[in-house]
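Novice: Here it is: the structure, laid out below.
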Amino acid sequence: MEENIQNPHSKKNRKRLISNIIFLLLITILVITLILSLGEINKISAQFQEISHGDNWKYLLAGIGLMLVYFFLWPASQCIYGKALDIEATIGESYLIGCSEHFYNGITPFAAGGQPFQIYSYTKRNVTTAKATGVILASFVTFMLVTNAFSIASLFFYPQISAGFDSMNMGWVKYVAPIGLAINFLVLLFMIAMGTSKHLRGWITKGVKAIANWKFFYKKEKGLRRKMGTAMQKAIPVFEEYCANAQRAFKETWTHKLATFFAILIKVIAMAAYYLIPFFILKAVGIEVDYSKMILVMFATSFAINAVVWMPTPGGTGGIEYAFIIVIAAVTTANSSDPQAAVLIWRLLTYYLILFISFGANAIFEAISSHRINVETKEKDASEETSNN
């Protein structure tokens with residue numbers, strides 16, 4: 001009996017081992033990312049020092065304040081959906097998991113790691129994969145609903161937004177923007193279909209079955225390929241049940257109308273704060289922007305990010321940084337050096353700073369999770385020892 005209790009291959013020990021390995025890998029990726037970005041960080045530091053010598057630091061503080069509002073409001077919608085579904089994780093744990101999304105997105109290609117890692121984090125608190133998927137999917141759909149609403153509203157400002165494109169040799173934006181906005185809207189529709197459509201669920205299941213039955217896996221009577229194919233076939237019923245349960249959980253979140261209302265409202269406030277950050281960054285680097293253009297900057301930022309972030313971008317700048325230059329084109333005729341300074345500060349606030357805070361939230365969650373697993377294991381061991389005696 002003692003051997004079974006101390007068996008290192010128990011389910012919880014395996015989960016803890018996997019968690020520790022993943023966390024170490026993520027730390028390694030973070031360190032490598034920062035080392036590769038050292039040149040950019042030095043430039044940002046120089047720009048930061050330049051701002052601190054004048055009176056524009058107050059605008060930088062305002063930008064940091066908006067970034068913090070965005071960051072700390074971001075997980076609230078996810079917490080609301082988790083509470084509505086009565087998941088096993090506490091609100092605090094759900095909040096930390098929501099905060100960690102930025103970290104996972106920041107160190108994975110195409111910012112694709114956030115949702116999968118969050119689902120995995122929920123399972124460590126004994127939340128079923130299906131329920132975790134339902135919560136994460138509902139939160140993501142809420143985000144897409146809000147960003148699409150901002151995009152539609154930004155079209156009312158399009159004449160003002162597009163006025164500066166030609167002056168900065170960015171006339172091509174007029175042609176690719178409709179494509180980007182359409183993709184954004186189609187992603188929303190696809191995510192809703194993922195959570196509600198039986199037909200889409202059936203097509204996905206058929207695709208998995210087709211892969212599992214692929215002749216490639218069964219050309220030989222024995223071997224790794226046949227084992228992989230057999231394993232996938234055995235997993236199909238589990239996958240079908242998972243998809244059905246995930247859709248059931250997703251649909252259930254929307255039956256809680258008050259929770260949905262507050263989840264959307266909070267996301268609107270969070271995204272408005274995010275879209276307003278560029279206004280104060282422009283003023284911080286000395287680009288003259290009147291307060292009467294604050295709303296224009298907010299919707300120009302929404303338009304630029306949602307229209308261009310999906311497109312391949314020239315040079316070394318990332319999609320969102322290049323989108324920021326579109327905002328500058330919409331509200332000012334700044335010379336070529338000013339946009340670069342603004343982009344560097346934007347990078348500092350919305351990538352590096354958020355990445356570090358999100359990493360801290362993830363580290364806290366990992367520590368809490370490990371502590372709880374240790375406590376639960378000791379309690380179980382003590383209970384079994386008492387019953388044996």
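The values are calculated or read from the model by the stated rules, or taken from the named source; none is laboratory data. Everything numeric in this text was worked out from a predicted model, so none of it was measured. So basically every Cβ, Gly included, is an ideal-geometry build from the backbone, and we count neighbours across all protein chains shown. For accessibility, only protein heavy atoms count, side chains too; no ligands or nucleic acids. Shrake-Rupley method; radii C 1.70, N 1.55, O 1.52, S 1.80 Å.
Novice: Simple spin-label model, 7 Å along Cα-to-Cβ: residue 152 to residue 182 in nm?
Specialist: With each label placed 7 Å out from Cα toward Cβ, I get 1.8 nm.
Novice: Between residue 374 and residue 160, 0.36 nm times their residue separation minus their Cα-Cα distance comes to what?
Specialist: Working: separation 214, 0.36 × 214 = 77.04 nm, distance 5.86 nm.
Once the chain is fully extended between residue 374 and residue 160, it gains 71.2 nm.
Novice: Here's something else I'd like to know. Summing Lys, Arg as +1 and Asp, Glu as -1, what charge do residues with Cβ under 14 Å from the Cβ of residue 71 carry, residue 71 excluded?
Specialist: Its environment carries a net charge of 0.
Novice: Can you pull the accessible area of residue 366 for me, 1.4 Å probe, Å² to the nearest 10?
Specialist: The accessible area comes out at roughly 20 Å².
Novice: Can you sort 297, 69 by solvent-accessible area, 1.4 Å probe, largest first?
Specialist: Largest accessible area first, the residues go 69, 297.
Novice: Also: Full extension from residue 262 to residue 230: what is 0.36 nm times the residue separation minus their Cα-Cα distance, to one decimal in nm?
Specialist: Taking residue 262 through residue 230 to full extension adds about 6.9 nm, to one decimal.
Novice: Under a plain spin-label model, where a point goes 7 Å from the Cα along Cα-to-Cβ, how far apart in nm are residue 269 and residue 190?
Specialist: 3.2 nm
Novice: Here's another thing I want to ask about it. Convert each backbone phi in the range 99-104 into a coupling constant with the Karplus relation 6.51 cos²θ - 1.76 cosθ + 1.60 (shift: θ = phi - 60°), then list the ³J(HN,Hα) values in order as whole Hz, x for Gly and Pro.
Specialist: Along the range 99-104, the couplings run 5, 6, 4, 5, 5, 5 Hz.
Novice: Net charge within 10 Å of residue 247 by Cβ-Cβ distance, Lys/Arg positive one each and Asp/Glu negative one each, not counting residue 247 itself?
Specialist: Spelling it out: positives minus negatives among the neighbours equals +3.
Novice: Then there's this: What FRET efficiency comes out for residue 240 versus residue 126 if R0 is 30 angstrom and r is the Cβ-Cβ distance? Round to the nearest 0.05.
Specialist: On the way: r = 23 Å, r/R0 = 0.75.
It comes out at approximately 0.85.
Novice: Modelling each spin label as a point 7 Å along the Cα-to-Cβ direction, I'd like the residue 367/residue 353 distance in nm, to one decimal.
Specialist: Taking the two extended label points, one gets 2.3 nm.
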